[in-house]
Structure formats: C-alpha cells, structure tokens
Amino acid sequence: MAKAGDKSGGSGKKALKRKAATEEPQEAAVAEDGATESGVQPPKAAAFPPGFSISEIKNKQRRHLMFTRWKQQQRKEKLAAKKKLKKEREALGDKAPPKPVPKTIDNQRVYDETIVDPNDEEVAYDEATDEFASYFNRQTSPKILITTSDRPHGRTVRLCEQLSTVIPNSHVYYRRGLALKKIIPQCISRDFTDLIVINEDRKTPNGLILSHLPNGPTAHFKMSSVRLRKEIKRRGKDPTEHIPEIILNNFTTRLGHSIGRMFASLFPHNPQFIGRQVATFHNQRDYIFFRFHRYIFKSEKKVGIQELGPRFTLKLRSLQKGTFDSKYGEYEWVHKPREMDTSRRKFHL
C-alpha cells in the first residue's frame, strides 16, 4: 500500500509541476500587461495600436490603469517632440523661424471699440476733467477709511487690519448699525478721499465697495479667494511703513481705465523704493487679482519676489455715479451675465 501511495503521490507532484510550468508564461504575460492583483508596479508600456480605444474596456480598474499609461505615453511623446524642436532651432541659430504665438483666450479677445488709445485727445480731456484729476495733478493726497458690514466676524476684521498696513494713510472703523449714507458725510467733513467697505457672508468676506469722495464714482466688486497672511505659504515678514509702488495690468477699455484710476488714487504718488514693496492689481479675463510683494535682490542680475499678503480676487459688478446710493443711484455700468457674457472671448475691462 505504501509503494502504491508513493507512486500515486509522485505522479501527482509531476503533474502539478507540469501544470505550473504551462501556466507560468500566461502569468508572465498577464504581469506584462499590467493586470496583476499582487500590487506590483507594471513595466513601461509599449506603443498603443492605432485602433485602440480605452473606452471599450469594461473593467473599471483596468480602464483607469490603461488611461494612466496612455497619458504617460502622451507626455513622453510631447516632451520628446519639444526637445527635438529645441535642438533643431539651436542647430539653425539665427536662421531659425520665429516661434509661433500660442492661441489663448486672451489674445483671441473680441475687439472692443472702447479700448483706450493713450494718444487720443478725447481720452486725455476726460482724464483732465474726471473725479480723479485732482489726485493725478497732486493737488490732494489720499486718505482712506476702511470699514465693514454690521457686526463683522474675525476673518473680516483681520482683512481690514491687514489692508490698512498695505494702503498708506488708511484708518479702520468698525460699524455698529450706522448706515453708509450717514458715514459718507462724516468722511467728507474729515477730508477722507476714499471709502472702502468690506462685506461678508457666512463669516467670509465676499464683497468690496470702493467709493471715491466727495463726488464718486462708486464701484461694487464681488470678492473671492481671500487669503490672509497666516494662510500664505512661504510668505515674508510683515510689511514696513514704506509707501509701496503700484502696478496696474491690462486695464485697457474705458471702463477698465476708470477702475484702474480708482485703484491708483488709493496710494500716494511718491513711492519709497527703499522699502521694495509693490501692490499689484492684475486684470485677466475681467478678474482683478490683488497681490502684495517685496523685491529681494539676490545679485546684481537676479531679482526675486516674496509675497507678503493679503491676497484676494475681485469681479466688478457695477459702477455707479456719485457716492453710494442703493435706492436712487445712477449706474454707469452694471454686469448682466445673460446679456454680456455671450462669448468666452469677450471682456469688458
């Protein structure tokens, strides 16, 4: 009985070995294809066939794996083509053809008749007679009052305090049920030139009203993406009391020109370059990005920037003549999404 058992056991082991030997190539093929269940990283994928369609794969995990590999292959091909083109341009030297201009939404912008020409006599006359002429002629110096909505929360209060360190000669006043129509006459009597109101919703700043005193205009902005100083990574030390420079980018239309002049009138005309501080209002696709930086001179040729904060994004909702009047105010421009936002390539600022 023992011998018979040994023979049957031996023949069984040989059969299992033969079966394992025949199944090894199949397992290896599966491993090469990337459909293993052991969690081992699959090898580099080969080129996909021309008629290959990932959407036809029924298994979700398999489909996701193949899509990831396809994206990796696309990136490698794009990088290789870019390196090849760079080598060809270096080989041609001065004879290389000019680089093609990439197509973007910004450079394919729909033509606007109100785009400002700096040499236009009508524009020059409007600038000499508008509400900001006394500031640009250096007859008045900015004095700003920053206030909030009724019963502001901590985040809005901190934003106002940080704005007061960015804008020179600005003062923070916390409203306690006092209407803006009563605040504006008091501001005018105390020689304030501008009024900034930060509104909030659900303890988060969501709106900004900028009113130029004493004769307006008043702009209403939607505020989003607010980041205080503590929330900015790798930020620099707190700003100093030096008067910063101001940079206004892409305010090209008549409306954008007016908004840019409103922002410029918040800062004194004589920036102190020794402080190396810069306040930037960058308009891109009608979104105004505010940033506050400091220059860092690494060497005689290299200059870096260090963000100081705060930062936020503004979207113009309306421009009103005169000071703030929500009931009888006359509006120069009001954003109407259904009528104005008919094309992705049409901008108003």
**Prompt:** Mind listing the phi-derived Karplus ³J(HN,Hα) values for segment 126-131, rounded to whole Hz, using 6.51, -1.76 and 1.60 with θ = phi - 60°, and x for any glycine or proline?
**Reply:** 4, 5, 6, 10, 7, 5
**Message:** Can you tell me how segment 119-341 classifies by the Cα gyration tensor, rounded, prolate or oblate, using a/c under 1.5 as the rounded cut?
**Reply:** rounded
**Message:** Please list, ordered by chain and number, the residues whose modelled amide H lies under 5 Å from the amide H of Trp333; skip anything fewer than 5 residues away on the same chain.
**Reply:** Leu319
**Prompt:** Do the sum for the chain: with -39,500 (n - 2.57) for every DSSP H run of n ≥ 4, divided by all residues, what is the mean residue ellipticity at 222 nm, to the nearest 500 deg cm²/dmol?
**Reply:** -11000 deg cm²/dmol
**Complete:** Applied in sequence order to segment 332-349, the curve 6.51 cos²θ - 1.76 cosθ + 1.60 (Karplus, θ = phi - 60°) yields integer Hz couplings, x standing for Gly and Pro, of 7, 8, 9, 6, 10, x, 5, 8, 9, 8, 7, 9, 5, 9, 10, 10, 10, 9
**Asked** In nm, what is the difference between 0.36 nm times the number of residues separating Asp120 and Phe67 and their Cα-Cα distance?
**Response** 13.6 nm
**Prompt:** In whole angstrom, how far apart do the alpha carbon centroids of segment 65-84 and segment 257-314 sit?
**Reply:** 38
**Request:** About the Cα centre of segment 99-254, how large is the charge dipole given +1 on each Lys and Arg Cβ and -1 on each Asp and Glu Cβ? Please answer in debye to the nearest 20.
**Result:** 1480
**Fill in**
Once amide hydrogens are built 1.01 Å from N within the peptide plane, the residues lying 5 or more places from Gly322 or on another chain with amide H under 5 Å from its amide H are Thr218
**Request:** Sort out the exposed loop chymotrypsin sites (Phe, Trp or Tyr not before Pro) in the chain (DSSP loop, at most 11 other Cβ within 10 Å) and tell me the longest stretch that has none.
**Result:** 112-327
**Fill in**
For Gln272, the net charge from surrounding residues (Cβ-Cβ under 15 Å; K, R +1; D, E -1) works out to 0
**Complete:** For the chain the mean separation of alpha carbon contacts under 8 Å (6+ apart) over residue count, i.e. relative contact order in percent, is 14
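How would Val157, Val110 line up by accessible area, probe 1.4 Å, largest first? The partial results should precede the final answer.
Working: Val157 35, Val110 55 Å².
Sorted by accessible area, descending: Val110, Val157.
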**Item:** Accessible-area order (highest first, 1.4 angstrom probe) of the listed residues Lys302, Lys71, Lys181, Lys95
**Value:** Lys95, Lys302, Lys181, Lys71
**Message:** If DNA, RNA and ligands are ignored and the probe is 1.4 Å, what is the ranking of Arg345, Arg151 by accessible area, most exposed first?
**Reply:** Arg151, Arg345
**Request:** Quick one: among Arg158, Arg294, Arg69, which has the greatest mean-square fluctuation in a GNM of the chain with alpha-carbon springs under 10 angstrom?
**Result:** Arg69
**Prompt:** How large is ³J(HN,Hα) for each residue in segment 134-148, as worked out from phi by the Karplus curve 6.51 cos²θ - 1.76 cosθ + 1.60 (θ = phi - 60°), to whole Hz, x for Gly and Pro?
**Reply:** 5, 5, 6, 7, 6, 8, 10, 10, x, 9, 10, 10, 10, 9, 10
**Computed accessible area, Ile105, all protein chains, 1.4 angstrom probe, square angstrom** = 40
**Request:** Could you please state how large a percent of the accessible area of the chain is carbon and sulfur, counting protein chains only and using a 1.4 Å probe?
**Result:** 52
**Item:** Share antiparallel - DSSP beta bridges, the chain, percent rounded to 5
**Value:** 75
**Prompt:** For segment 232-284, which trypsin sites (Lys or Arg not before Pro) are in a loop by DSSP, counting at most 11 other Cβ atoms within 10 Å?
**Reply:** Lys233, Arg234, Lys237
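The values are calculated or read from the model by the stated rules, or taken from the named source; none is laboratory data. Predicted model, so just to flag it, every value in this text is computed and none were measured. With ideal geometry, Cβ positions are generated from the backbone for all residues, glycine too; neighbour counts draw on all protein chains shown. Ligands, DNA and RNA are excluded from the accessible area calculation, which covers all protein heavy atoms including side chains. Shrake-Rupley method; radii C 1.70, N 1.55, O 1.52, S 1.80 Å.
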